[in-house]
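The values are calculated or read from the model by the stated rules, or taken from the named source; none is laboratory data. These numbers were taken from a predicted model, which means no experiment stands behind them. Using ideal geometry, Cβ is built from the backbone for each residue, glycine included, and neighbour counts are taken over all protein chains shown.
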Amino acid sequence: MGARFAVTGGRPGWTRTLLTALGIGLGVALLLVAASVPHLLEARDVRHQSRDLTVSEIGEKPSDRSFLWQDSSTLFHGRTVHGVVLRPDGPRAPAPPGVERLPGPGEMVVSPALERLLSAPEGALLKDRFPFRTVGRIGEDGLVGPAELFFYAHHPALTDGSAVGRSVAFGHNLGVERPSSGYLLLLIVVACVVLLLPVLVFVATAARFGGEQRDRRLAALRLAGADMGMTRRVAAGEALAGAVLGLGAGAALFVLLRQLAGRVTVWDVNAFPADLTPDAALAVPAVAAVPVCAVVVTLAGLRGVAVEPLGVVRGATPGPRRLWWRLLLVAAGAGLLLVADPVGLGETSVETAPVAAGALLALTGLTTLLPWLVESVVGRLRGGPVAWQLAVRRLQLSSGTAARAVSGIVVAAAGAIALLMLFGAVQGDFMRPTNMDSARAQLGMSGHAGDGSAADRLRAEVAAARGVTGVTAVVTSSVQRPGPLRPGEDFIPMTSITVGDCASLRELGRLPSCRDGDVFIARTHGEEGPDDAYLEKTLRPGAQVNLRTDEGAAPLLWRVPANVRTVDARRDPMGGMPFGLYVTPAAIDVRTLEEPRLEAMVELDPAVPDAAEHARNAAARVDPLTRVDTIQDVERDQQFTSVRRGVLVAATATMGVIALSLLVSMVEQLRDRRRLLSALVAFGTRRTTLVWSVLWQTAVPVALGLAVAVAGGLGLGCVLLRLIGKRVEDWWVFLPVTGAGAAIVLLVTALSLPPLWRLMRPDGLRTE
């Protein structure tokens, strides 16, 4: 009978049931997405590892199945364009995953996203960077996500000296994982609780939709002879029917989201539809808990209502809400976190049960505090404009409904504040200084120097690029002491040689004076370089050095000038401390160096748009294999970056569901008040007054909820920081969260105006 009530009763009954199903469906869809995360991450990792190439294969001998390769990734407008340049040694060299055949000389295969970018007007600047002809696409098996920018190119000029390595297959890193630190595991555990707990709140709130109409129906059943047990079973059946419909709606929403997954990118993360496959071990219990939760919430809601044959008893003033058990939940959660074992950065395991239980109890306690706070505050409000009085009176009559509608915001906001405090406190442990100096240069370039003329060409080409204000370019190699090993030596002393003009060498060392033909010995005084006594074994005025360091190679001797001067090395913009020989071009023939490398540093004008892109294009015109890196003062740990990005993606999805759930709840409340709204309009109440009343009716509980969330979130964050032995870095992390809450209120109010406007008509008073 309860199930029939849920699907009958004409348009009002169907509308109520559909709103309930939609509210529950939003929560179910988010649960299914959460249950798909393990499969999504695994699928992305498998595809990434299946195309991975390792430097360990550099010793592979050439064969008809081997190929040379070099990473050729680049940046374009802040987005990474991943790529690999290949050159097969023979006809049987394997094709990369997702590619039918290796591209021919001067050809490349690209991902669909990169193909669209290169063919679009905004990708014209990037297209100039690739001197290759596009001949095909990379399939899903070779891409991490549908929006990934990736390419494979065949460069015939790739040689053993310029390549990173030689391999015979793709996917050498399968199964290799680095253990996560204790801090990251703690962040993941807390994030799972913070992001999934609001879903239960949404489901519980949606199960209470249409409660007043349901109670009136139950009173009619009591008049027809039903006892209290019967009415409770009917109410449970009606809630169960709505929950089952909600499961269907959630499944339908999940299927829709699954199909749209490839078209949406959130915080640089996207996925193929097949990646969103729920894990049965996670999805089945989560989905089964939804109807159970709906029935339990419905029966719990009936405890405070006396359904009698002559009506629903609501006239008596209910007793005040009790505060002690709500505070007990918060205290119990904080207690569990305080007694949990401390978590260290170097640990690879965390006791998840007490941490998860503590966070769950604390956040649940904060949620239960909101109804008590709303009731206590609005009960003392008096006077004000008409719109304010209408909103306050509505809240005084049913503060529990308003509090339930915004409970999800309290959970999400409090958890977000605690997570932001954790991220702020531990991010320094996952960032390390690079010793680079972005004030002296903004781009670093490196590549194979060839016959040595590449340095001059690169300097000239890049210096002419728009937005480039300075270029430092040198050629580096190695030299060693001639002769065999001496007694007590484990290896022949070796040092580096750097060839460049005086302006470039001044960026690397403190030169008193310099002109072409000068030679210097650069000391490091032990700062990230060899001991200076070690240099003296190789470099002395008038001594000879061997330009051939390969074992078995015929020596090629070069004499250090007698007038060589000793200088102090200085850290270059790339963070290195070049030591050894500094030589100007007139003092040595660069072509005699063994496997010379080109190193360049570029200064950019920040006022010129796309200056970095023009510099990268100029370097690619000299040699497409030139590597260009952005000079940055600090480097962030990749695992920390992945966890942070994943939490931001999940938080964005949760906030979206919060807004949708609040909107559905608002529409349901407006439907329950349609006769009242029609009566107020019929008596001459201005519609703008009613609109403002709806805004205040939403804003007051949200403001109180955010106050609870800020206090609770800061407290929870402090307890979690004590768990890892950290201090609060920023007490103002709640400002973005409160801003998001205010934006949700304005958004929901704006979206609720069309149904509100339609309900504010006098003909809403008609009845049968």
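Annotations for the structure displayed:
- Long-range neighbours under 9 Å by Cβ, at least six apart or interchain, first residue among the hydroxyl-bearing types (Ser, Thr, Tyr) within the stretch 361-385, second surrounded by fewer than 17 Cβ atoms within 10 Å (Cβ to Cβ) and assigned to a loop (DSSP other than H, G, I, E, B): 376/320; 376/323
- 3 or more residues touching an Asp or Glu at 6+ places or on another chain (Cβ under 8 Å) and more than 28 Å from residue 597 (Cβ to Cβ): qualifying strands (runs of 3 or more DSSP E) within the stretch 79-172: 133-137
- Among the residues of the stretch 576-606, just one is free of Cβ contacts under 8 Å to residues at least 60 places away in the same chain and of a type in the set (A, V, I, L, M, F, W, C), namely 577.
Quick grid of which residues meet (1) small (Gly, Ala, Ser); (2) at pLDDT 80 or above; (3) surrounded by fewer than 17 Cβ atoms within 10 Å (Cβ to Cβ); (4) under 21 Å from residue 359 (Cβ atoms):
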site: 737; (1), (2), (3), (4): no, no, no, yes
site: 741; (1), (2), (3), (4): yes, no, no, yes
site: 746; (1), (2), (3), (4): no, no, yes, no
site: 751; (1), (2), (3), (4): no, yes, yes, no
site: 758; (1), (2), (3), (4): no, no, yes, no
site: 762; (1), (2), (3), (4): no, no, yes, no
site: 767; (1), (2), (3), (4): no, no, yes, no
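Matching residues to (1) touching a residue at least 60 places away in the same chain (Cβ under 8 Å); (2) part of a helix (DSSP H, G or I); (3) in the same structural domain as residue 197 (by TED's automatic domain parsing); (4) surrounded by fewer than 24 Cβ atoms within 10 Å (Cβ to Cβ):
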| site | (1), (2), (3), (4) |
| --- | --- |
| 414 | yes, yes, yes, no |
| 417 | yes, yes, yes, no |
| 420 | yes, yes, yes, yes |
| 423 | yes, yes, yes, yes |
| 447 | yes, no, no, yes |
| 455 | yes, yes, no, no |
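- Residue within the stretch 105-114 that is modelled with pLDDT of 90 or more and within 23 Å of residue 630 (Cα to Cα) present: yes
- Looking only at the stretch 81-108, residues that are under 28 Å from the mean Cα position of the chain (by Cα) and either of a type in the set (Phe, Trp, Tyr) or on the phi < 0 side of the Ramachandran plot (or both) come to 6 in all.
- Selected residue (criterion: farthest from residue 629 (Cα to Cα)) from residues of the stretch 553-580 that are in a loop (DSSP other than H, G, I, E, B) and touching a helix residue (DSSP H, G or I) at 6+ places or on another chain (Cβ under 8 Å): 561
- The stretch 116-138: number of residues that are surrounded by 15 or more Cβ atoms within 10 Å (Cβ to Cβ) and under 29 Å from residue 258 (Cβ atoms): 6
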